[in-house]
Every structure is written in C-alpha cells, then in structure tokens.
Amino acid sequence: MKLNTMAAVMSFISDLETRTASFYDAAGEKHPGLADTCRARAKENRSFEKQVRQTYYGIITDTLESNYCFEGLDSDDYGLNLDPPSSVETVEGRFSEVEKTCQAFYVKAAELSDGLMADLPRLFKRIAKKRASRL
Amino acid sequence: MSVPKLKNYIDGEWVESSSTEVVELRNPALDEIIGHAPMSTRDETNAAVEAAAAAYADWRTTPPVSRSRYLHRLIPLMEENFDELARVQTVEHGKTIDESRGETRRGIEMLEVAAGMPSLMMGYNLEDIAVGIDEYAINQPLGVFSCIAPFNFPFMVPLWFLPFAVAAGNTFVVKSSPRTPMSQVALFKLFDEVGFPPGVVNLVGGAETAANALMDHPLMQGVTFVGSTAVARAVYERCGKNGKRCLAQGGAKNFVVIMPDAPLEQSMVSLTAAFFGNSGQRCLSAANVLVVGDDKAYQRFVDLFVAAAKNIRVGNGLDESVQMGPMQNAASKDRVIGYIEKGLAQGATLALDGRKLLNFDDSLPDRCFLGPTVFENVTPDMTIAQEEIFGPVAGISRVGGLDEAIDIIHQNPYGNAASIFTASGKDARKFQYEVVVGNVGVNVGIVAPMAFFPFGGRKNSFFGVVHGQGRDVVRFFTEPKIVISRWF
C-alpha cells in the first residue's frame, strides 16, 4: 500500500512499532536469557511510536504539505516476519532482519520528507540511528 | 445511526432552537445525512448577545492571568480530543484527515498565543510629560464581540478571534456556518467542560437572520467575519452603519509567479498543496500561475505540474491514502464546473480536466467530487482568471517578465496572497516589495500566517483596519484609555 500522506505514514509506524514491540515481548518470553534486551527494545519501540505521534501532531499545520510529502513510500517494501524466533541460534539473524527493515523505512521516510516537515525527518533519522545501533 | 439535531450554547447551557428552518447536514464524501442544524431566530441570537453582555461585568474584572488560565486548561483538553475534533471536520467538510489535523493544530496555536494575554494587552506609560505629570495608555476590553464563521475552516476560524477576545476580558458569540456547524459544537463541548463562567462564550447556529441580529444588536461591540467578498463588504457596511467595529476577510484570487530559475522539482509539493489543498476551498489557495521564461521553461513547468496534479488521489478524507477530498457540497461542485465551462468557452484549454475523475475510489458516490483541473492559455481578462472559483482549478499563463507578472496581479481586484518561486534574491525582494497583497510567499505556496502574526489582506480581500490574529487582533478587541495624572 502506498504511504503517500503523513496520516498513512503515522498509521504504518503505529502498526510497525506495536507489532515489533510485541515481537520482542514474545521473543523475551521464549528465550529468558534475552529477556532484558527484549524488554528494553519493546519499551523503546513503543516510545518511538509515541515520539512520532507527538511530533506529527505538534508540527502539522494548515500548510497542508503533509499530504504530498512521502511520494514513493510503500508499505509493501517493509514486510516483516514477526513470528517469534524458534531457536536461540536463529534469534540474532531474525532480530537483525527486523531492525534492518525498520531502519530502511525510517531512512527512506526521512529522505522523502526532508525540508518539507519540521522535526519529523530529524526524528526519523534519530530512530534509524538507534535501530542501527541494535545491529 | 441517530442523526443529531444541533443545539445552541447560550449562557452556559445547551438549548434547543425553536426555529422551524432546519438545514440538513450531509457528509459530502458519502452523501449521507449526518445532522440537522436549526437556523436560529433573531430572538435566540439576541438572547446569546444578552447573556454575553450580562457576563461581561464580572468577566472583565477577572484578572487577565486568571482569564488566560481557562485557555491553559482548554489546550490539554483539545490535545486529548485531537483526533475526534479532526474527524468531525473531515466528516462535515470533506477535507482530508491530515488537513483537519492541521486545522486543529492551528486552532490550538491560537489559544497558545492568546494565553499570553497578560503580556499582549499591556499598556505603556511615560513619566514627566510635563513637570510632575505622567501619562498612561491602558488597554481595556469593550464588551461583547462575535464571529460569523465560514464553512471552509469551520473549526479554526472562530479561534482566530474568540480566545483573544475573551482573554482580553470581552465576552463572545460565535455564529457557526450553516453548512459546517458541527466542528464548533464539538469545540463548545470542551468550552463547557473547562467551565467558563456562563455567558462568556456562546454559540448559535444559523444563517443570515442570526448574522444580522449580531450586527444590529445595540450591545454588540464588534463583529469579525470570514467569507466571500460580497458578504464581507455587506457585513462591513452594516457594521459601519450600526457603529460597530468590524474586521471582515473576503475572497481571493491568488497568483503564483514561476521565474525561469525556480527550483521546480523541490517546489512541486508546495505548489500542489497550494492549488489543490482543501480542494481549493480556501482564501489562501493559489489560483493563477504566471510563468516567466522561454518555451522550454514553460513546457517544463506545465509537464511537472500536470503530472503532479494527475497523481493526486481523490476520495473520502477519512481514508489516509487520500490527498484531496470532495467539494463541501454538490452546489459548490456545480459552481466550479460552471467556471470550467466558462473557461473553455472563453478560449482557455484544458491540460487536465477534473470533471473526469482519474485517481478516484469508484465505490464512492461522485455527487460532490471533482478532480484537479489545470487550464493553459489563460489570459488576464478571462472570467476564470478574474473571479474566485473556490475549487481545485489552476489557470496557467505565460508572461514576458516579472514586471508584467506584477502588473497582472495588480489588475486583479483581490489582494490576499501572492507567491514567487525563484532562486534569485533580487527578484524575490522586488516582488515582496512591490506586490500589493496582504501575504507574500517566497518559494512557499500557501502563505498562512502563524497565530502570532496578523492575517494580511488588501483590496477586495479585506475590509477593516487591523487584521485577525496576533497583536492586530488584540488591538481590535481592546481600546486604549489615556490617563494623565498629577498628584499634589
């Protein structure tokens, strides 16, 4: 699905961060050795969602450019397998896949909206950087 | 689904109107009835003014800092209800959900600025204007003010005025638009929750009868209005005859000048939003493009602009992938189609015909929908170049240079906004310096002033002395009293 408006991007981010947080919750339960890491990541993902929502609602004004800021962004390019990793050997690879996909999304969203929407591209870049630090 | 019959909010109570004239409200995207709006009578409107007048004495003596705290309490409530406030605007008007969120945010910004009233309304003084004599200017509120609201920004426009008026110590009556009254009802529910003293803020739904009652009531101190030029002029005249203050913002025909060095690719988002945002139903919408340059530059602009316009997804504003909603009602659509036909009859050519919906969700009833429309070969004398269409229609003309572009803008009777797209600081400065409009954009398509700046407007786009928003509107809602004192 095309994510051509800020409203659509917001909904996608809400879904992305909620689902990836649940993914880490489930992974932490399944692999107790990783529980602390997973709990911290799930918490941070929910915080990412909140930060984006607050920033979006804080900057959107009636200049209306938000309807046209994300031409070329498509949710189909950021599909995720969020089934909990079955064995401890596959955990690292699965975590890495999820983070790379999320990072790629935020990098692209920042690039497309750069110079058009105050604060949001900066926040997207910051979240992309935090995702990269998890790799 | 039950369809609400809207009530008035008078003297701190929700009261049913006794009017037999009731307007059916429809969601323009779905063509469904969403409410019934009684058109308040003169007596009902007078009751609102009288409640506001009765509340004035106590409200005026409430310290400015305490009055501002009502706004401070309202802001978090509006944030909490942000999505619902935006949804109501989309449902009754048709605009996209992002546009409604933008309108909500701008409305909240008004409160944030008006909440600074203890600083904004400070007077000034000078000691020793003569030996032992001091002079003060004290800004005082005046009494009851009102807003006659437009349909196109049903939530935000009353907030250009009301928060400033009440924070300054006045009381207020909003007359909502008969076409889009639900956004104000949603807002007044929050006013009620905050607990403004009865009579400080009042809402009546209605049309001409209610508007005339506001302008004629002897206790009304001043009227603010946003709408078409014809009505703005009539409101200004009536208020003048009745000795009221008046601030009336009228229609527009806004020009965009594209210079040969314009950064076109980077500007296309801004231009698309300027012409087609809110389906062109805004007084800051761009309408005419004047392209300076040779054949190649002209064609490059047309190709990029038409491609961007063609790409706009049209549909129900609650669908987050939609970039342009419907016209607010079927009559508006018919009026815009009339202009398109007139443009063709007068010799303009269509590069994109919005009467054929391209990028549209066919499952929707098309009663109120129009696509983006782009005309070429538009000359300044054509009706479509002169008159306000108030729809998603752009007219492109070629001009020889910046001087000619400015001349064409000056021939137009309106003067709300104009923009230039260029890489030249020299051209931008010349444009900004010379063009006779209230709001100027430099590489910006929609020149919407923030809450702390006045909303400009010249020629037939504005009737009054001081403007809405910012310090101007504080001046509108207060009167300086001069005190000269000496003590022996």
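Where a number appears in this text, it was derived from the coordinates with a stated rule and is not lab data. Just so it is clear, the model here is predicted, and its values are computed rather than measured. Virtual Cβ from ideal backbone geometry, glycine too; neighbours counted across all protein chains shown.
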*If the cut-off is 17 Å between C-alpha atoms, which aspartates and glutamates fall inside it for B:LYS426, apart from same-chain ones fewer than 8 positions away?*
B:ASP261, B:ASP403, B:GLU404, B:GLU434
_Exceeding the 23 Å Cα-Cα cut-off - candidates A:LYS43/A:LYS130; B:LYS7/B:LYS189; A:LYS108/A:LYS129; A:LYS30/A:LYS50; B:LYS175/B:LYS244_ = A:LYS30/A:LYS50
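Could you list, in their original order, any pairs among A:LYS125/B:LYS95; B:LYS95/B:LYS310; A:LYS125/B:LYS310 whose Cα atoms are separated by more than 22 Å? Can you show the working numbers first?
Details: A:LYS125/B:LYS95 30 Å; B:LYS95/B:LYS310 18 Å; A:LYS125/B:LYS310 31 Å.
Pairs exceeding 22 Å: A:LYS125/B:LYS95; A:LYS125/B:LYS310.
Take the alpha carbon gyration tensor of chain B, find the square roots of its eigenvalues, order them as a ≥ b ≥ c, and report rounded if a/c is under 1.5; if not, report prolate when a/b exceeds b/c, else oblate. Could you put the intermediate results ahead of the total?
Working: a/c = 2.10, a/b = 1.36, b/c = 1.54.
Oblate, because a/c is 1.5 or more while a/b does not exceed b/c.
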_Helix B:330-345 vs. chain B, principal-axis angle (Cα, 0 to 90°, nearest 10)_ = 40
_Residue-wise HN-Hα coupling along the range B:482-488, computed from phi with Karplus coefficients 6.51, -1.76, 1.60 (Hz; x: Gly, Pro)_ = 9, 10, 10, 10, 9, 10, 9
*Distance in nm between label sites at B:HIS410 and A:LYS43, each 7 Å beyond Cα in the beta-carbon direction?*
6.6
*Would you please give the residues with an amide H less than 5 Å from that of B:VAL399, counting only those at least 5 places away or on a separate chain, with H modeled from the backbone geometry?*
B:VAL291, B:VAL292, B:GLY293
*Once amide H atoms are placed 1.01 Å from N in the peptide plane, what residues at a sequence separation of 5 or more from B:THR171, or on another chain, have their amide H within under 5 Å of its amide H?*
B:GLY143, B:VAL144, B:PHE145
*Within the range B:104-195, report the trypsin sites (Lys or Arg not before Pro) that DSSP leaves as loop and that have at most 11 other Cβ atoms within 10 Å.*
none
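Quick check: residue separation of B:THR383 and B:ARG471 times 0.36 nm, minus the Cα distance between them. What number comes out in nm?
Values: separation 88, 0.36 × 88 = 31.68 nm, distance 3.69 nm.
Extra length from B:THR383 to B:ARG471 when fully extended: 28.0 nm.
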*Separation between Cα centres of the range B:244-290 and the range A:56-135, rounded to whole Å*: 32
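Which of B:TYR433, B:TYR339 has the fewest other C-beta atoms within 10 Å, and how do the rest follow up to the most?
Details: B:TYR433 9, B:TYR339 20.
Ascending Cβ contact count within 10 Å gives the list B:TYR433, B:TYR339.
Check each of the trypsin sites (Lys or Arg not before Pro) in the range B:340-447 and keep only those in coil by DSSP with at most 14 other C-beta atoms within 10 angstrom; list them in order. Mind showing how you got there, number by number?
Numbers: sites: B:LYS342, B:ARG355, B:LYS356, B:ARG367, B:ARG398, B:LYS426, B:ARG429, B:LYS430; in loops: B:ARG355, B:LYS356, B:ARG367.
Passing both the DSSP loop test and the Cβ count: B:ARG355, B:LYS356.
Is the C-alpha gyration tensor of the range B:42-118 telling us rounded, prolate or oblate? Criteria: a/c under 1.5 is rounded; beyond that, a/b larger than b/c is prolate, otherwise oblate. Please report the intermediate quantities before stating the final value.
Numbers: a/c = 3.19, a/b = 1.42, b/c = 2.24.
Since a/c reaches 1.5 but b/c is at least a/b, the shape of the range B:42-118 is classed as oblate.
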*asked:* Could you derive backbone 3J(HN,Hα) for the range B:181-196 from the dihedral phi with the Karplus parameters 6.51, -1.76 and 1.60 (θ = phi - 60°), listing whole Hz in sequence and x where the residue is Gly or Pro?
replied: x, 6, 4, 6, 4, 4, 5, 5, 4, 6, 4, 5, 5, 5, x, 3
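Could you tell me the relative contact order of chain A? Use alpha-carbon pairs under 8 Å, at least six residues apart, and round to a whole percent. It would help to have the intermediate numbers written out before the result.
Values: 151 pairs, mean separation 37.9, N = 135.
Averaging sequence separation for qualifying contacts and normalising by length gives 28 percent for chain A.
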*Report the paramagnetic label zone for A:SER86: residues of the range A:15-34 whose backbone N is under 19 Å from a point 7 Å from Cα along the Cα-to-Cβ axis.*
A:23-24, A:26-32
*Treating the angle as unsigned and between 0 and 90°, give the value, to the nearest 10°, between the Cα long axis of helix B:229-241 and the longest Cα principal axis of chain B.*
20
*Considering only A:CYS102, A:VAL88, A:LEU116, whose Cα is most displaced toward the positive end of the charge dipole of the range A:71-127, charges sitting on Cβ of Lys, Arg (+1) and Asp, Glu (-1)?*
A:LEU116
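Size of the dipole of chain B about the Cα centre, Lys and Arg at +1 and Asp and Glu at -1 on the beta carbon, nothing else charged, in debye to 20? Don't jump to the answer; show the numbers that get you there.
Numbers: 43 positive and 54 negative charges, 126 e Å.
The calculated dipole for chain B is roughly 600 debye.
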*Among all helices in chain A defined by DSSP H, which have a length of 30 Å or more along the axis from Cα atoms plus a Kyte-Doolittle mean of at least -0.5?*
A:6-30, A:88-113
*asked:* Helix-only estimate, please: 222 nm mean residue ellipticity of chain A, summing -39500 (n - 2.57) across DSSP H runs of length 4 or more and dividing by its residues, to the nearest 500.
replied: -23500 deg cm²/dmol
_Please list, in order, the residues from the range B:470-485 whose amide nitrogen is less than 17 Å from a point placed 7 Å along the Cα→Cβ vector of B:VAL131._
B:485
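How much length would be gained if the chain were fully extended between B:ASP303 and B:ILE482, taking 0.36 nm per residue of separation minus their Cα-Cα distance, in nm to one decimal?
On the way: separation 179, 0.36 × 179 = 64.44 nm, distance 6.07 nm.
Contour length minus the Cα-Cα distance gives 58.4 nm.
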*Whole Å is fine, so just give me how far the alpha carbon centre of the range B:59-134 lies from that of the range B:343-358.*
43
*Between the alpha-carbon centers of the range B:379-402 and the range B:193-235, tell me the distance in whole angstrom.*
34
*asked:* Output the 0 to 90 degree angle, nearest 10, between the alpha-carbon long axis of helix B:295-310 and the longest principal axis computed from the alpha carbons of chain B.
replied: 60
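What do the square roots of 5 times the Cα gyration tensor eigenvalues come to for the range B:184-230, in whole Å, largest first, as semi-axes of the equivalent ellipsoid? The partial results should precede the final answer.
Values: eigenvalues 108, 42, 18 Å².
They are 23, 14, 9 Å, listed from largest to smallest.
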_Going by amide H atoms built from the backbone, whose H comes under 5 Å of the H on B:GLY438, apart from near neighbours?_
B:ASN416, B:ALA417, B:GLY457, B:ARG458
_For chain B, which cysteines have no second Cys with its Cβ under 4.7 Å from theirs?_
B:CYS147, B:CYS283, B:CYS368
*Just tell me which aspartates and glutamates come within less than 12 Å, Cα to Cα, of B:LYS241; anything on the same chain fewer than 8 places away is out.*
B:ASP216
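Please average, across the residues of B:442-449, the number of beta carbons from any other chain that are within 10 Å of each residue's own beta carbon, and give a whole number.
Values: counts 0, 0, 2, 3, 5, 1, 4, 0.
Neighbouring Cβ atoms belonging to other protein chains average 2 per residue here.
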*At 222 nm, what helix-only mean residue ellipticity would chain B give, in deg cm²/dmol to the nearest 500, using -39500 (n - 2.57) for each DSSP H run of four or more?*
-12000 deg cm²/dmol
_Table column - 3J(HN,Hα) (Hz), the range B:435-443, Karplus curve with 6.51, -1.76, 1.60, x for Gly and Pro_ = 6, 9, 9, x, 9, 10, x, 10, 6
